[in-house]
């Protein structure tokens, strides 16, 4: 879509990053990280008994593991996002950041 907005075709062999810079659109990974961290802050500000915090109490049974790479957990992804942005879990309470 961005390539179409700029008037390029695939034949022009213009990289996605170049066309994204022309339109000034952020990469999708950054937007996904932003929304995950927004949800994480919302969840951490709620009380411990709130319905949104039930994911913390879910106990994954140690059953038969499938083949291949293990699936990423929400905790692991949030931890990586916080590390990339340079924040800690304590800062989720502060809405001014």
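The values are calculated or read from the model by the stated rules, or taken from the named source; none is laboratory data. It should be emphasised that the depicted structure is a prediction, and the values quoted were computed from it without experimental measurement. All Cβ positions, glycine included, derive from the backbone under ideal geometry; neighbour counts span all protein chains shown.
Here are the numbers for the structure shown:
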{"read-out": "Members of the range 24-37 that are modelled with pLDDT under 90 and part of a helix (DSSP H, G or I)", "value": "28"}
{"read-out": "Count - residues of the range 14-29 that are surrounded by 11 or more Cβ atoms within 10 Å (Cβ to Cβ) and either in contact (Cβ under 8 Å) with a residue 60 or more places away in the chain or under 20 Å from the mean Cα position of the chain (by Cα) (or both)", "value": "3"}
{"read-out": "Whichever residue in the range 40-97 is in contact with a helix residue (DSSP H, G or I) (Cβ under 8 Å, 6 or more places away or on another chain), in a loop (DSSP other than H, G, I, E, B) and under 22 Å from residue 29 (Cα atoms) and, among such residues, is modelled with the lowest pLDDT", "value": "97"}
